[in-house]
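Take a look at the structure set out below.
The values are calculated or read from the model by the stated rules, or taken from the named source; none is laboratory data. Just so you know, these numbers come straight off a predicted model, no measurement behind them. Here Cβ is always computed from backbone atoms with ideal geometry, including for glycine, and neighbour counts include all displayed protein chains.
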Amino acid sequence: MSAFLPIKTIGLAIVTALTITACKISKDVIITDPNVPTVFRNDLNENQDSSSIADLSIHDFFKDTILQTLITSALEQNYDMQIALKNIEASDLLFKQVKWNYLPDLSLQVNAASNRPSDNSLNGLSAQSFLKTNHIEDYTASLNLSWEADIWGKIKNQKQAALAAYLQTQEARKAIQTSLVSNVAKGYYNLLMLDAQLEAVKKNVALNDSTVRIVQLQFESGQVTALAVEQAKSQKIAAQQLIPKLEQDILLQENALSILTGQLPAEVRRAHFAESIKATSKYNTGFPADILKRRPDVRNAELNLTIANARVGISKANMYPALRITASGGTNAFKASNWFNIPASLFGMVSGSLVQPLLNKKYLKTQFEVAKVDREKQVLFFRQTVLTAVGDVSDALAKVDKLSEQYTYALDRNTVLQKAISNANYLFQSGMANYLEVLTAQSNALQNDLDIASIKRDQLMADVDLYRSLGGGLK
């Protein structure tokens, strides 16, 4: 009966360990509510509700079908996206692996040894006396089991950290997707702007060419000096110089878009600027608190805090006693012929140990304190990320509002400048205005045409920034 007492004692220890496994030695950190306003600054929408443009799918927000095709191609073939998906696969495997930490370690061991001890040694004398041989052979086949009870929730915290790490790879994919959608859209709009600017420059060159011919005729008739001809030609050349520069920018932008979409550099099909999405200053932004669950960077910071909190639990558990159960069993014999002679060759062993770290050069205590400091850092980083996210939305709203005003003024100025060009040409041909007034009107008109295209591009980009800053671009 006494032979079974150790096994019963170990069994009782196991039951006790399982009973207190749920015991938690570290509390989750309490995250105070981040500093989120009730309404975004610069939000001009008076009817505030939970609806937001971030809820719109990519195809609902971007109406240009060509742009939709480019975005779809980027999401499917961009290498950053493909790498992110592979990271998710790897993290999923690691998360599944942690679940096995609750199970014991089990190994199969087979040993065969032959030893020829000295005849004058204790082993040699014993072999001669009891085994009648000067060789000692030992054959063992065993199963070895080792298990540590999760008394202090160490494995539970490991699982929590692994889950958070897996979710982080999901958020990383989302962050890459929103960035990719934004970059493709901005690149596309920049390409449309360059097309519009190139068209404006070519029109201005044609206008300057007409002016040069008129000034040349006036010079030949003695109405103006050679200086007038030279300045007219100089302005025409200045406009012509912009053409190769814009054509170069177009080629570079096409190459960049091709690479973003996972394609070799090639010409990119696109719509006319006038047919692109019409920028608007009326967008629903929803409630500021909604970005906490929409923005991938905010969610990633929150998951970093979860991992840091789990590491505090793990490092503290390392300072407490560890209950380990080991067992082994199999067959053992001094002769190969008796190796599997059952039951004579059978053996078994069960043991339990309780290990309490005492002196470890303060390593465990230091690790615990460092983990707590890291957790406090992650709390600060989380709050900073939320603050930055709110600022991003406010910045985008300010751009949407002020660029709309700039665009209105640029259109008004364009109307005035077109009249100025018409009047300057008429007065110049009538001898009531000099060539400098004509050149100035044409130069101002070209610059304003370039500004109009640039401002419209910036408007569309501001819309994209607002969509992304609110967490849009994932559907």
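Being part of a helix (DSSP H, G or I) and within 17 Å of Arg299 (Cα to Cα) is not true of Leu466. Residues in region 130-148 that are touching a residue at least 12 places away in the same chain (Cβ under 8 Å), outside any loop (DSSP other than H, G, I, E, B) and more than 16 Å from Leu108 (Cβ to Cβ): Leu131, Ile136, Glu137, Asp138, Trp147, Glu148.
Would you confirm, using the coordinates I've provided, whether Asp401 is touching a residue at least 40 places away in the same chain (Cβ under 8 Å), surrounded by fewer than 18 Cβ atoms within 10 Å (Cβ to Cβ), assigned to a helix (DSSP H, G or I) and of a type in the set (Asp, Glu)? For Asp401, the condition - touching a residue at least 40 places away in the same chain (Cβ under 8 Å), surrounded by fewer than 18 Cβ atoms within 10 Å (Cβ to Cβ), assigned to a helix (DSSP H, G or I) and of a type in the set (Asp, Glu) - is met. Screening Leu227 with (1) closer than 27 Å to Tyr188 by Cβ; (2) assigned to a helix (DSSP H, G or I) gives one miss only, at (1).
Criterion first (without any contact (Cβ under 8 Å) to a residue 40 or more places away in the chain and not in a helix (DSSP H, G or I)) does Glu267 satisfy it? So Glu267 fits the description; yes.
Of the residues Ala196, Ala206, Ala172, the single one that is aliphatic (A, V, I, L, M), closer than 22 Å to Leu257 by Cβ and assigned to a helix (DSSP H, G or I) is Ala196. Mind checking whether some residue in region 231-244 is surrounded by 15 or more Cβ atoms within 10 Å (Cβ to Cβ), of a type in the set (Gly, Ala, Ser) and either in contact with a strand residue (DSSP E or B) (Cβ under 7 Å, 6 or more places away or on another chain) or within 29 Å of His59 (Cβ to Cβ) (or both)? No. Reported count of residues in region 418-451, each being acidic (Asp, Glu) and over 48 Å from the mean Cα position of the chain (by Cα), is 1. Among all positions in region 144-161, there is at least one residue which is within 30 Å of Ala310 (Cα to Cα) and among the aromatic types (Phe, Trp, Tyr). How about region 416-451: which of its residues are β-branched (Val, Ile, Thr) and within 19 Å of Ala238 (Cβ to Cβ)? Residues satisfying the conditions are Ile421, Val438, Thr440.
Taking region 160-202 as the range and being of a type in the set (Lys, Arg) and either in contact with a Gly (Cβ under 9 Å, 6 or more places away or on another chain) or without any contact (Cβ under 8 Å) to a residue 24 or more places away in the chain (or both) as the test, only Lys174 passes.
To keep it simple, each residue is scored yes or no on (1) at pLDDT below 85; (2) surrounded by fewer than 15 Cβ atoms within 10 Å (Cβ to Cβ); (3) over 56 Å from the mean Cα position of the chain (by Cα).
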{"site": "Ile88", "(1), (2), (3)": "no, no, no"}
{"site": "Lys96", "(1), (2), (3)": "yes, yes, no"}
{"site": "Leu131", "(1), (2), (3)": "yes, yes, yes"}
{"site": "Ser146", "(1), (2), (3)": "no, yes, no"}
{"site": "Ala149", "(1), (2), (3)": "yes, no, no"}
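Screening Val416 with (1) assigned to a helix (DSSP H, G or I); (2) free of Cβ contacts under 8 Å to residues at least 40 places away in the same chain; (3) within 20 Å of Ala317 (Cβ to Cβ) gives one miss only, at (3).
Comparison of Glu230, Glu254 shows that the only residue that is in contact (Cβ under 8 Å) with a residue 12 or more places away in the chain and either in contact with an Asp or Glu (Cβ under 9 Å, 6 or more places away or on another chain) or not hydrophobic (A, V, I, L, M, F, W, C) (or both) is Glu254. Does Val379 qualify as being part of a helix (DSSP H, G or I) and either under 19 Å from the mean Cα position of the chain (by Cα) or free of Cβ contacts under 8 Å to residues at least 60 places away in the same chain (or both)? Answer is no for this residue.
The condition (being touching a Gly at 6+ places or on another chain (Cβ under 9 Å), touching a residue at least 60 places away in the same chain (Cβ under 8 Å) and assigned to a helix (DSSP H, G or I)) is satisfied by just one residue among Leu75, Leu70, Leu94, Leu85: Leu70. Going by the structure shown, is Gln216 within 29 Å of the chain's Cα centre (by Cα) and not small (Gly, Ala, Ser)? The answer is no for Gln216.
The conditions of being under 25 Å from Ala84 (Cβ atoms) and touching a Phe, Trp or Tyr at 6+ places or on another chain (Cβ under 8 Å) are not met by Leu192.
Residue by residue through region 419-446, note down the ones that are of a type in the set (Val, Ile, Thr) and either free of Cβ contacts under 8 Å to residues at least 40 places away in the same chain or within 30 Å of Arg295 (Cβ to Cβ) (or both).
Thr440
When each of Asn255, Asn208 is tested for being at pLDDT 90 or above and of a type in the set (S, T, N, Q), the lone residue that passes is Asn255. Mind checking whether some residue in region 360-374 is more than 30 Å from Leu305 (Cβ to Cβ) and of a type in the set (S, T, N, Q)? Checked region 360-374: no residue is more than 30 Å from Leu305 (Cβ to Cβ) and of a type in the set (S, T, N, Q).
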